Amino acid sequence: MTILVTGATGNAGGAVVQSLAAQGIPARALIRSATSLPTGIEPVYGDLNKPDTFVDALAGVTGIFLLSGYDRLEELLANAVDAGVRKVVVLSSSSLDGELTNAVAAYHHATEEAVRVSGLDWTFLRPNSFMSNTLRWLDQLRAGDEVRVQFPDVPVSTIHPRDIADVAARALQGSADGEVLRLTGPVALTPVEQVAILGEGIGRALTAYPMTRAETHAALEASMPAPYATAIESFFADRTIDETTVNNTVTQVTGHPPRTLQTWVQENARLFG
Ligand SMILES: NC(=O)c1ccc[n+]([C@@H]2O[C@H](COP(=O)([O-])OP(=O)(O)OC[C@H]3O[C@@H](n4cnc5c(N)ncnc54)[C@H](OP(=O)(O)O)[C@@H]3O)[C@@H](O)[C@H]2O)c1
């Protein structure tokens, strides 16, 4: 068994690499530039938008951990079939709870549909927002102890990327074929509660400023293309998706409960130093 991990330098893919390495499962990390990888993980260079750049990396691969939303996916999947790959685990999202016309849901849906008809076995992971999104507050925290939070009244059961990775590792070893796994963290917390947990974990007296919808709208529009800003506003302000409900899928698949935000903060406190 050899696994190809895409997004290997990111929050989710990086956790998949760590999980596979910890279990001694041979894996290749698709990367775009040199980086340090755990012992036993082989670097392979390529661009996810250009499947011809990593055809050779597929030789001997049995499973792929695949990020959503990249170009020329059909070509990548055909290359995978030709190389003898058996299984693809797609990192999709909770956005598929809602309207497929939503810009974020649309690219995840397109990826899932291409994989469904590829002839490969598959598992689709649809996680809630990641705990690692807390890193988006870093700039504000360098400037002071106040964090401006979007959608202050919406509790979200954010998920630790290591839990996504542990589920992915199981699926890449053959479990959950043909299953869509909706993944949540252990408890729903408002952004204000998340800031309090972060402050306690990093030893700072943080306060949360609850942004109005108009402020949130302006901030989203300023930070990403308009269709994505609209998509995210609809998820949480209009509640077109549900990231509040907690389920036990992580426990069922991995045998351990989902990790808490307190754990994520403890593991990443140095980044907020
Ligand atoms: N954040 C959330 O709350 C959330 C929730 C549900 C689903 N998701 C999905 O999860 C995905 C991954 O999230 P994340 O937080 O792990 O992202 P991330 O930390 O930003 O990592 C993205 C990874 O993709 C790689 N990458 C980007 N463009 C590439 C390309 N053209 N070719 C090869 N590699 C490329 C990056 O490599 P480099 O280091 O070379 O840039 C990096 O390893 C998101 O894109 C989204 O689709 C996220």
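Please tell me if Asp82 is under 22 Å from the mean Cα position of the chain (by Cα) and charged (D, E, K, R).
Details: under 22 Å from the mean Cα position of the chain (by Cα): no; charged (D, E, K, R): yes.
It is false that Asp82 is under 22 Å from the mean Cα position of the chain (by Cα) and charged (D, E, K, R).
Of the residues Thr53, Thr101, Thr39, only one is touching a strand residue (DSSP E or B) at 6+ places or on another chain (Cβ under 9 Å) and hydroxyl-bearing (Ser, Thr, Tyr); which? Give the steps one after another, and end with the answer.
Numbers: Thr101 fails: touching a strand residue (DSSP E or B) at 6+ places or on another chain (Cβ under 9 Å); Thr39 fails: touching a strand residue (DSSP E or B) at 6+ places or on another chain (Cβ under 9 Å).
One residue alone meets the criteria, Thr53.
For the range 52-159, list the helices (runs of 4 or more DSSP H) that sit wholly inside it and hold at least 1 residues that are touching a residue at least 60 places away in the same chain (Cβ under 8 Å) and within 12 Å of the ligand (Cβ to nearest atom); which are they? Spell out the reasoning first.
Working: elements: 73-83, 103-116, 138-143.
Passing ranges, in order: 103-116.
Could you list, in sequence order, all residues of the range 18-34 that are more than 20 Å from the chain's Cα centre (by Cα) and touching a residue at least 24 places away in the same chain (Cβ under 8 Å)? Write out each step before concluding.
Restricting attention to the range 18-34, the residues satisfying the condition of being more than 20 Å from the chain's Cα centre (by Cα) are 23-26, 33-34.
Within the range 18-34, Gln23, Ile25, Pro26 meet the criteria.
With the structure loaded, tell me whether Thr230 is in a helix (DSSP H, G or I), farther than 28 Å from Thr111 by Cα and at pLDDT 95 or above or whether it fails that test.
Values: in a helix (DSSP H, G or I): yes; farther than 28 Å from Thr111 by Cα: no; at pLDDT 95 or above: yes.
When the stated conditions are applied, Thr230 does not pass them.
Can you pull out the residues in the range 158-202 that are surrounded by 23 or more Cβ atoms within 10 Å (Cβ to Cβ) and among the hydroxyl-bearing types (Ser, Thr, Tyr)?
Within the range 158-202, Thr158, Thr184 qualify.
The values are calculated or read from the model by the stated rules, or taken from the named source; none is laboratory data. Because the structure is predicted, anything quoted here is derived from the model rather than measured. Neighbour counts run over all protein chains shown; Cβ positions are idealised from the backbone, glycine included.
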